[in-house]
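One structure below.
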Amino acid sequence: MISKAVLFDFDGVVVKSMEQHFKAWRQAFLEKGVEIKEKEFFVLEGQGIHTIAHHLGKIHGLSEQDIEEVMKRKVSYYNQFMTLEFYDYFHEMVEHLYQQKVPMGIVTGGNRSRVEKIVRQYFNHYFRVLVTVDDVVRGKPFPDPFLKAAKMLGQRPQDCVVIENAPMGIKGAKSANMTVVAITTTLEPQFLKQADFIVHDFKQVEKVLMNLLGLKKSQA
């Protein structure tokens, strides 16, 4: 079956930001005497700040008040650390899809205010829909945000391909009956086994998408 639309995760896919997010989380937790590890955070990515903070906070024995303070400090640190970076070949790939009129959207566990600002500035004409953690009651790993995006694009879930970099997003997309291409921007393949395809860069993502979408190979 040929797919018709592509949905992208944001952090770790559209933007190279996961390292900055981790640095902010690590600094915020250190203030409470807790040192978190990179993998500990990366496997939770995509669920939204509240879910991640409470998950990690409870594991490390923090109180509700401490967790709330960690969240506030994390946002503050991220704003300090943030420098906008993109992955090699991402823009070229999205441009090729856009030129071939592929419907595209973003499904993210990030906050709308942060994500929307970047999308408008750098990708405004590429993505037809944006679904954030603020737009659904249940975010990743539930299928809800993916199903919402498919509906907004006027596509059947089974006709959508999702590009993800984290287990929670993969789980949500598979629960929505979508095809998933996982990219190893933040985690090794063993963490991404639920995906239908696992690739290591965006040239490989494009190659898989061209086959799934039934499109001609890019000339670039």
- Task: Within segment 133-182, track down each residue that is in contact with a Leu (Cβ under 7 Å, 6 or more places away or on another chain), surrounded by 24 or more Cβ atoms within 10 Å (Cβ to Cβ) and either in the same structural domain as ILE52 (by TED's automatic domain parsing) or part of a helix (DSSP H, G or I) (or both).
- Result: PHE146, ALA149, ILE170
- Here is a list of conditions, (1) touching a Lys or Arg at 6+ places or on another chain (Cβ under 7 Å); (2) at pLDDT below 95; (3) among the small types (Gly, Ala, Ser), and GLY172 meets all of them except one; can you say which number that is? (2)
- Message: So for segment 98-118 (the condition being over 15 Å from the mean Cα position of the chain (by Cα), among the hydroxyl-bearing types (Ser, Thr, Tyr), farther than 21 Å from ALA5 by Cα and part of a helix (DSSP H, G or I)), does at least one residue qualify?
- Response: yes
- Item | Verdict on ILE67 being in contact with a Phe, Trp or Tyr (Cβ under 8 Å, 6 or more places away or on another chain) and either in contact (Cβ under 8 Å) with a residue 60 or more places away in the chain or part of a helix (DSSP H, G or I) (or both) | no
- Query: Tell me, which residue of segment 81-115 that is without any contact (Cβ under 8 Å) to a residue 40 or more places away in the chain and closer than 26 Å to ALA28 by Cα is surrounded by the most Cβ atoms within 10 Å (Cβ to Cβ)?
  - Reply: ARG114
- Query: Of all the residues that make up segment 150-193, how many are in contact (Cβ under 8 Å) with a residue 40 or more places away in the chain and closer than 18 Å to VAL15 by Cβ?
  - Reply: 11
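Can you tell me which residue is surrounded by the fewest Cβ atoms within 10 Å (Cβ to Cβ) among those in segment 1-51 that are in a loop (DSSP other than H, G, I, E, B) and β-branched (Val, Ile, Thr)?
Pass one, segment 1-51, residues in a loop (DSSP other than H, G, I, E, B): 1-4, 9-10, 12-14, 16-17, 31-37, 43-48.
Now restrict to residues that are β-branched (Val, Ile, Thr): 2, 13-14, 34, 36, 43.
Working: ILE2: 9, VAL13: 28, VAL14: 25, VAL34: 17, ILE36: 17, VAL43: 14.
The residue in question is ILE2.
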- Item | Scope segment 194-215; condition part of a loop (DSSP other than H, G, I, E, B) and touching a residue at least 24 places away in the same chain (Cβ under 8 Å); matching residues | GLN194, ALA195, ASP201, GLY214, LEU215
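Only one residue in LYS174, LYS203, LYS140 is at negative phi and more than 15 Å from the chain's Cα centre (by Cα). Which one? I'd like the intermediate steps shown before the answer.
Details: LYS174 fails: more than 15 Å from the chain's Cα centre (by Cα); LYS140 fails: more than 15 Å from the chain's Cα centre (by Cα).
Every option except LYS203 fails the conditions.
Let's see how each residue does on (1) within 18 Å of PRO189 (Cα to Cα); (2) not assigned by TED's automatic domain parsing to the domain that holds GLU92:
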| position | (1), (2) |
| --- | --- |
| ASP9 | yes, no |
| LYS23 | no, yes |
| ALA28 | no, yes |
| GLY33 | no, yes |
| ILE36 | no, yes |
| GLU40 | yes, yes |
| VAL43 | yes, yes |
| GLN47 | no, yes |
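The values are calculated or read from the model by the stated rules, or taken from the named source; none is laboratory data. Small disclaimer: the values here were computed from a predicted structure and weren't measured. Neighbour counts are summed over all protein chains in view; Cβ atoms, including those assigned to glycine, are modelled from backbone coordinates with ideal geometry.
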